[in-house]
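Colleague: A single structure is presented below for examination.
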Amino acid sequence: MRPQPTIDESQRQAYLEVMGIESWVPRTVLPGAAPSLYFEWDWDGSKASTAEVVAQPPAAVPGVAAIGERAPAPAVVVHSESVRAELAPAVATPPPVTTAPQPVPASPVRERTAASAEPGEVPEFHLACMVFSAGVVLTELPLKMRALGEQHLTLLVNLLTAVSGRRETLGKISYFRWPMIRTRGVDQSAAVAQLTLQRWLDKLRPEQQPALLVLGEQAIRHCLQLDPEECDWRQLHAAEGWEAVAVSHGLHALLNIPSLKAETWQHVQALRQHLASRNVLTTPH
């Protein structure tokens, strides 16, 4: 059996708080229910070894505590170490059962995959976006990279300067990572990712001269819903809300494979000509 991943309860609660997810627990015990283990954690940053477990007996049959009535006081309080010692043998050598065996719960990762299998497979990608004088540029990043590096930013400014014909400066860099949270029971399929990405870009899109430069296969696939291997990278593409859309290689690929820069220059020519026809390019004197 594969080891089950564990996480400190205080750390799990901190994650849920950051993501805005509230934890709900029952106020009363169901009649005839088996005793439940309720963990009481010290929130002053102490270790999980200071946790205490409360074994609460079931409410008296036939009824439960009425609304507004206090739940019965805990019956037994034991330390988590003793609970682990009692539970460990039961997990290692389960007693024989007379009824049909219950399925073994899968690990959180497997449960998340199974939950997301119905709406669709969960894609993973990381994008960076910046507004420039002629519109918006969207580029993909490796998943392990948290932000654009200095070399990426220098290359980006030079590329945008060549496209717009005016000296561009670094503006605010916004990042979009998918999936945003890792939890089961939430639809984070490709369709939801694309819808969320479009709404995110709508907030960044300028009101005038909304040109869009999409860099990288992941950005092309999830922003434009195009197959990077089949679409023509030298032509402008249509997208709702954007006047002109051009595609090319991602910044990280351009830094690792310098020969791609020549291809990128060919890819952005159609966008440069479009901007020139819209009097976006400055006229040299």
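Colleague: Say we look at segment 118-129 and pick out the residues that are of a type outside the set (Val, Ile, Thr) and assigned to a loop (DSSP other than H, G, I, E, B); which of these is farthest from THR264 (Cα to Cα)?
Modeller: GLU118
Colleague: Give just the number: which of (1) in contact with a helix residue (DSSP H, G or I) (Cβ under 9 Å, 6 or more places away or on another chain); (2) at pLDDT below 90; (3) within 17 Å of SER164 (Cβ to Cβ) does THR264 not satisfy?
Modeller: (2)
Colleague: For residues in segment 155-182 being under 12 Å from VAL136 (Cα atoms) and hydroxyl-bearing (Ser, Thr, Tyr), which is modelled with the highest pLDDT?
Modeller: SER174
Colleague: Next question. Looking at ARG234, ARG167, ARG205, ARG221 in this structure, which one is within 29 Å of ARG278 (Cα to Cα) and in contact with a Leu (Cβ under 9 Å, 6 or more places away or on another chain)?
Modeller: Values: ARG234 fails: in contact with a Leu (Cβ under 9 Å, 6 or more places away or on another chain); ARG167 fails: in contact with a Leu (Cβ under 9 Å, 6 or more places away or on another chain); ARG221 fails: in contact with a Leu (Cβ under 9 Å, 6 or more places away or on another chain).
So the residue among ARG234, ARG167, ARG205, ARG221 that is within 29 Å of ARG278 (Cα to Cα) and in contact with a Leu (Cβ under 9 Å, 6 or more places away or on another chain) is ARG205.
Colleague: So in segment 247-266, with the set limited to residues that are outside any loop (DSSP other than H, G, I, E, B) and in contact (Cβ under 8 Å) with a residue 60 or more places away in the chain, which one is farthest from the chain's Cα centre (by Cα)?
Modeller: Here the answer is TRP265.
The values are calculated or read from the model by the stated rules, or taken from the named source; none is laboratory data. Keep in mind that what you see is a predicted model, and the values were worked out from it rather than measured. Note that we place each Cβ from the backbone using ideal geometry, even for glycine, and neighbour counts take in every protein chain shown.
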